[in-house]
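Input: a single structure, listed below in structure tokens.
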Amino acid sequence: MLAETSLDIRTVSKTYQVNDQALDVLRNIDFTVEPGEFVSIVGASGCGKSTLLRLIIGLDTEYHGDILLDGRRIDGPGADRSIVFQEHRLFPWLTVEQNVALGLDASDAPVAIRGQSVAEHIDLVRLAGFEKAYPHQLSGGMAQRAAIARALVNRPKILLLDEPLGALDSLTRAYLQDELLRIWRQQSVTVLMVTHDVEEAVYLSDKIVVMEPRPGRIAGIVPIDLDHQRERAAAGFIAHKERVLHLLNH
Amino acid sequence: MVDQTVSEALAKPAAAAGPGRDFWRGIAVPAALVVIWSAASHLGLVDSRLLVPPERVALVPFLDADGRELWLGITASVLRMLAGFTIGILAGGALGLLMGVSRFAERGIAPSFTAVRQITLFAWIPLLTAWFGNGEAAKIVFIALSAGFPMALNTHQGLRDIPIAFVEVARVLRLSRRRLLTQVLVPSALPAIAIGIEIALINAWIGTVGAEYAMGLGRGVGAFLAEGREQFRMDIVIVGVLTLALVGFVLNTLLRAGVARLMPASGNSRR
Ligand SMILES: Nc1ncnc2c1ncn2[C@@H]1O[C@H](COP(=O)(O)OP(=O)(O)O)[C@@H](O)[C@H]1O
Ligand SMILES: [Mg+2]
């Protein structure tokens, strides 16, 4: 199955009212995520990355410009998109299995198939054996993987990730980066990921959107034309990293 | 009456588990008081009709004809309390749930609820006796009110304080209303609801004795106390007061044990 959904972000601007003052959070954000692509957004904290994801997922529908999914404007959450937040946001009173199953609540899949779907996706994130565990019994990395399973179980076309590995130690991070790549290929899902780690972005992405703050704008878009076996020490890898860093600190 | 909310109750440090050093330290003060009480009455420091020696008080519920009324009194009071408590937490819980899940209901009900809650509970007694007479119905309604207010308040608050992060997840997953209620809202509010039940129980017990004392007629610990006072039987009064404390303590201990067992494995450990 191939993801065919493209995500068009067209001159999107967003203003928050803070104490009767208009705060420009996003200005003229404009880029496209092609079907099946892995796109990263990097930028200083506070430049509106999470806000942009909230608009795309449909938690906030008040903005100027258009966010189009296959040409249709987003007007709320939908089955075609899902999100993993920086904190895993699993429900602490539900087991891994029950948490993942909630991802299917809105689907019209027959009950018989649901259990199988849940098991498959727990397998996909390599949590088999932890179905009955509660979130507090999991490590940070495992909890984040459970959150990824919950986000994928309903087979969304677009997966949004908001600094999903940000809170993890560097070993777990490196491991989960490879896991993300594997899952992305296996599920052929389109991914839009926010990260503050430039190396991570270069390692994973087809394309990096670099943002600058106050107000949040696009500083530049860097296509990563490296093959998929990436070596962090390779000259080409470092050159791409330099280009992104240069845009960040221009 | 106890009328605290979740945050206040949660701010209290957790009680130590098991009878360790804290238990013996806790029992030291009452023990010392009993010694002083005994000395004071035996040495004739206080009129023995006002302060009966402890060993006589201890025997009253067993040997004295009037004192033996205590057992039926306790039974009657506890049954009465359970009836009022059950009605109170069901009605209060339903009201709190309604205000917690529906903005519409909250806007409509919450202001009146807050206003009515300002009325001291004992001020309801004249009204209730006028409506229901001095019998069982008035007492049970009074107990239900005592339990119902803190139950409604805590349930409402627990539902209102649900972390926005969880609400967002529910929206993103587009959970059905039923799933939202049973898997997200109620479990998240459960610690607050448990505190509501605990306060409701304490209030129901206080309310039971208050109702019996103030609305006369019929059996009960409150009536037992009132009787003792009428007849100037200080031994009976002291037994009654100690019984109130003891029954309250036992009920609360039982409830806590029950709540601890009902709570899901991870219900208290949010992170
Ligand atoms: N609900 C809100 N109301 C007002 N200001 C907000 C709100 N959410 C975010 N902001 C502000 O918008 C800016 C961008 O926030 P955010 O999107 O979280 O940035 P990032 O994810 O890039 O760190 C920040 O200055 C933040 O304070
Ligand atoms: Mg952010």
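With respect to being modelled with pLDDT of 90 or more and over 25 Å from the mean Cα position of the chain (by Cα), B:I87 falls outside the description. Per the listing B:L190, B:L90, B:L128, the residue uniquely without any contact (Cβ under 8 Å) to a residue 12 or more places away in the chain and aliphatic (A, V, I, L, M) is B:L90.
Condition check for B:I109 on (1) touching a residue at least 40 places away in the same chain (Cβ under 8 Å); (2) part of a helix (DSSP H, G or I): one failure, at (1). In the stretch B:202-211, the count of residues that are of a type outside the set (G, A, S) and within 14 Å of chain A (Cβ to nearest Cβ) is zero.
Can you give me the number of residues within the stretch B:139-182 that are assigned to a loop (DSSP other than H, G, I, E, B) and more than 8 Å from chain A (Cβ to nearest Cβ)? Let's see the steps before the verdict.
Taking the stretch B:139-182 and keeping what is assigned to a loop (DSSP other than H, G, I, E, B), we get B:161-163, B:173-176.
Still in the list and also more than 8 Å from chain A (Cβ to nearest Cβ): B:161-163.
So the answer is 3.
Annotation note: Cβ proximity below 8 Å between a residue of the stretch B:37-52 that is more than 17 Å from B:V237 (Cβ to Cβ) and a residue that is outside any helix (DSSP H, G or I) and of a type outside the set (A, V, I, L, M, F, W, C) (sequence gap 6+ or interchain) occurs for B:S38/B:P53; B:H42/B:P53.
Is there a residue in the stretch A:112-130 that is among the aromatic types (F, W, Y), surrounded by 15 or more Cβ atoms within 10 Å (Cβ to Cβ) and farther than 22 Å from B:I164 by Cβ? Before the answer, list the steps.
Looking only at the stretch A:112-130, we keep the residues that are among the aromatic types (F, W, Y), and these are A:130.
When the remaining residues are screened for being surrounded by 15 or more Cβ atoms within 10 Å (Cβ to Cβ), the result is A:130.
Narrowing the set further to residues that are farther than 22 Å from B:I164 by Cβ leaves A:130.
Checking the stretch A:112-130: at least one residue is among the aromatic types (F, W, Y), surrounded by 15 or more Cβ atoms within 10 Å (Cβ to Cβ) and farther than 22 Å from B:I164 by Cβ.
When the residues of the stretch A:95-111 are filtered to those that are crowded, with 21+ Cβ neighbours inside 10 Å and within 7 Å of another protein chain (Cβ to nearest Cβ), the one that is farthest from B:L180 (Cα to Cα) is A:G103.
Considering only the stretch A:10-19, state which residues are within 27 Å of B:L173 (Cβ to Cβ) and within 11 Å of ligand 1 (Cβ to nearest atom). Selection gives A:K14, A:Y16. Among the residues making up the stretch A:186-209, those that are within 12 Å of ligand 1 (Cβ to nearest atom) and in contact with a helix residue (DSSP H, G or I) (Cβ under 6 Å, 6 or more places away or on another chain) are A:V194, A:T195.
For the stretch A:137-155, the set of residues classified as aliphatic (A, V, I, L, M) and in contact (Cβ under 8 Å) with a residue 60 or more places away in the chain consists of A:A147, A:I148, A:A151, A:L152, listed by residue number. If you check A:G115 against the conditions, is it farther than 25 Å from A:L181 by Cα and either within 14 Å of another protein chain (Cβ to nearest Cβ) or charged (D, E, K, R) (or both)? No, not satisfied. So is B:V221 surrounded by fewer than 18 Cβ atoms within 10 Å (Cβ to Cβ) and not charged (D, E, K, R) or not? In short, no. Condition (residue is surrounded by 20 or more Cβ atoms within 10 Å (Cβ to Cβ) and aromatic (F, W, Y)) applied to the stretch A:194-203: is it met by at least one residue? Checked against the condition, which is being surrounded by 20 or more Cβ atoms within 10 Å (Cβ to Cβ) and aromatic (F, W, Y), the stretch A:194-203 yields at least one hit. Just so you know, in the stretch B:120-165 the residues that are aromatic (F, W, Y) and crowded, with 18+ Cβ neighbours inside 10 Å include one that is nearest to B:Q183 (Cα to Cα), and it is B:F149.
I'd like the full set of residues that are without any contact (Cβ under 8 Å) to a residue 40 or more places away in the chain and either more than 22 Å from A:G166 (Cα to Cα) or among the hydrophobic types (A, V, I, L, M, F, W, C) (or both), limited to the stretch A:24-59. Reasoning before the result, please.
Restricting attention to the stretch A:24-59, the residues satisfying the condition of being without any contact (Cβ under 8 Å) to a residue 40 or more places away in the chain are A:32, A:54, A:58-59.
Matches in the stretch A:24-59: A:T32, A:G58, A:L59.
Looking across the stretch A:20-55, just one residue is within 14 Å of chain B (Cβ to nearest Cβ), over 12 Å from the mean Cα position of the chain (by Cα) and more than 7 Å from ligand 1 (Cβ to nearest atom), and that is A:L55. The residue that is nearest to the chain's Cα centre (by Cα), counting only those in the stretch A:68-94 that are crowded, with 21+ Cβ neighbours inside 10 Å and more than 9 Å from chain B (Cβ to nearest Cβ), is A:V84.
Here are A:Q98, A:Q86: which of them is within 16 Å of ligand 1 (Cβ to nearest atom), of a type outside the set (D, E) and within 19 Å of A:I148 (Cβ to Cβ)?
Numbers: A:Q98 fails: within 16 Å of ligand 1 (Cβ to nearest atom).
One residue alone meets the criteria, A:Q86.
When the stretch A:35-49 is examined, which residues are found to be surrounded by fewer than 18 Cβ atoms within 10 Å (Cβ to Cβ) and either β-branched (V, I, T) or within 13 Å of ligand 2 (Cβ to nearest atom) (or both)? If the condition is that a residue be surrounded by fewer than 18 Cβ atoms within 10 Å (Cβ to Cβ) and either β-branched (V, I, T) or within 13 Å of ligand 2 (Cβ to nearest atom) (or both), then A:A44, A:S45, A:G46 are the ones that fit. Among the residues of the stretch A:215-236, at least one is more than 21 Å from the chain's Cα centre (by Cα) and among the basic types (K, R). Counting only strands (runs of 3 or more DSSP E) that sit completely within the stretch A:179-245, those holding 1 or more residues that are closer than 26 Å to A:R155 by Cβ and modelled with pLDDT of 85 or more correspond to A:190-194, A:207-212.
The values are calculated or read from the model by the stated rules, or taken from the named source; none is laboratory data. Since the model is a prediction, treat every value here as computed from it, not as a measurement. Quick reminder, even Gly has a Cβ in these numbers, built from the backbone with ideal geometry, and neighbours come from all protein chains shown.
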